[in-house]
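Below: one structure, written as structure tokens.
Computed from the coordinates by the stated procedures, all read-outs in this text should not be read as laboratory data. Please read all numbers here as calculations on a predicted model, not as lab measurements. A quick note on method: Cβ atoms are made from the backbone with ideal geometry, for glycine too, and the neighbour counts reach across all protein chains shown.
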Amino acid sequence: MHIFRVFVVVAIVCLIFFSPQIRSIVKGYKETSIDKATHSQEKVKDFSQNLENMKKENDEEKVDALIEESIEAAEKIKSKDGKIKILKETLSYYQSKNDHEKILKYTDDLYNLATEENLYLLQAQSLYYYVFSQIALAQDEQDITGKDYRVENAKKISLEALKILEDKKIKDNPLEGRFYYLLALTLMESSSSELSQAEKMLDVAKEHFEKANDRKGIIQSIIKLAHIQFLQGEIEKAETILLPLKENYLESPLQIQLDYMLSQIEAAKGQINKAISLAEKAAKKASTIEKRKINQLLFELKKVREMQKEPF
């Protein structure tokens, strides 16, 4: 019986060795496994270029699929560095699209990877995306309880991130500036009594942005400082703060923020037509989320204009 088993094994080995068809199947299986690994490696390596190409096509479904496939490829070849790179670019992409639900979907993965590898700066960076999206969603939240939860959560995580940077002695002026800026937004959203504290946070944020020569951060801080003055009824002060920005060329998102703020200032001064013109200019290039807010202002301004036309 034992001899028979040995004979069967030898026969199978000989069959594989001498049979071109079976040899081809075995070889093909090995090559397929290698091909799959190579394909995954290329998918990870070429992610940045593939993402840029997909963005030009403006097909969001294709981009979503590319991201999922690339993350899966990085996991298959156990490339943590590759996965981190893909996740960072993914979060940056969804931030540019104001897709906050997608940001929240992927930011946990990046935070967990950073924690596993003791990458403290990356931990803080992932928390920035989380806080950014929580505040944006809070600003659009209709339910008061939900809004309060998001604002408090954003405040707590911002402080946690700043503590990581402080404890680990990480000096990153742009990132610190962003967290102070976001903290100011949480204070502005939570209570009008917190406006003076929000102003202090914005001053600190602006200092960090100036040290990093971060023009975008500086301008955003200036616009929000003017917004605080506006909320406190200091219309002239708000306008004075914004005056230097009127003379500069601003990128579209910043120009939208500036025009929206100037529109509110002109409305407060009673210059309704000017206010409408600025709001319409802002609405032209605004994203879907921004447009809702701007259109609401336009609706109210046009209503005021119609009332002014009516005879007493």
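With each label point set 7 Å from Cα along the Cα-Cβ vector, what nm distance links Leu121 and Ser193?
Here the modelled spin labels are 4.1 nm apart.
With angles folded into 0 to 90 degrees, how steeply does helix 215-231 sit against the dominant principal axis of the chain? Use alpha carbons for both and round to 10.
Once rounded, the angle reads 40 degrees.
Just to verify a number: FRET efficiency for Glu160 and Lys285, C-beta to C-beta distance, R0 = 30 Å, to 0.05?
Given R0 = 30 Å and the Cβ-Cβ separation, E is 0.30.
Any idea how far the Cα center of the stretch 251-275 sits from the one of the stretch 189-246, in Å?
15
Tell me, in nm to one decimal, what length is gained between Ser96 and Ser277 on full extension, where the rule is 0.36 nm per residue of separation less the Cα-Cα distance? If you can, show how the numbers build up before the last one.
On the way: separation 181, 0.36 × 181 = 65.16 nm, distance 2.62 nm.
Fully extending the segment from Ser96 to Ser277 adds 62.5 nm.
From the Cα gyration tensor of the stretch 110-247, with a ≥ b ≥ c the square roots of its eigenvalues, which class applies: rounded if a/c is under 1.5, or else prolate if a/b is larger than b/c, or else oblate?
Working: a/c = 2.40, a/b = 1.37, b/c = 1.75.
Oblate, because a/c is 1.5 or more while a/b does not exceed b/c.
Note the full-extension length gain between Gln142 and Lys78 as 0.36 nm times their separation in residues minus their Cα-Cα distance, in nm to one decimal. Mind dumping the intermediate values first?
Numbers: separation 64, 0.36 × 64 = 23.04 nm, distance 4.21 nm.
Full-extension gain reported as 18.8 nm.
Less than 15 Å from a label point 7 Å out along the Cα-to-Cβ axis of Lys269: which backbone N atoms in the stretch 230-247 qualify, by residue?
What the label zone holds, given the 15 Å backbone N cut-off, is 230, 234-247.
Can you tell me which of Glu57, Glu69, Glu290 moves the most in a GNM of the chain? Springs connect C-alpha atoms under 10 Å apart.
Of Glu57, Glu69, Glu290, the Gaussian network model singles out Glu57 as fluctuating most.
With a ≥ b ≥ c taken as the square roots of the eigenvalues of the C-alpha gyration tensor of the stretch 176-271, please select rounded if a/c is under 1.5 and otherwise prolate if a/b is larger than b/c or oblate if it is not? Let's see the in-between values first.
Details: a/c = 2.01, a/b = 1.13, b/c = 1.77.
It comes out oblate by the Cα gyration axes.
For Glu89 and Thr38 in the same chain, what is the full-extension length gain: residue separation times 0.36 nm, less their Cα-Cα distance, in nm?
Details: separation 51, 0.36 × 51 = 18.36 nm, distance 2.20 nm.
Gain on stretching Glu89 to Thr38: 16.2 nm.
How do the peptides 135-141, 47-53 rank, highest first, by the average count of neighbouring beta carbon atoms within 10 Å per residue? Walk me through the intermediate numbers first.
Details: 135-141: 18.3, 47-53: 14.6.
Result, highest mean first: 135-141, 47-53.
Report the Stokes-Einstein translational diffusion coefficient (µm² s⁻¹, integer) for the chain, Rh taken as the Kirkwood radius over Cα pairs, at 25 °C with viscosity 0.890 mPa s. Provide the component values of the computation, followed by the final result.
Details: Rh = 23.3 Å.
Value of D from the Cα-based Kirkwood radius: 106 µm²/s.
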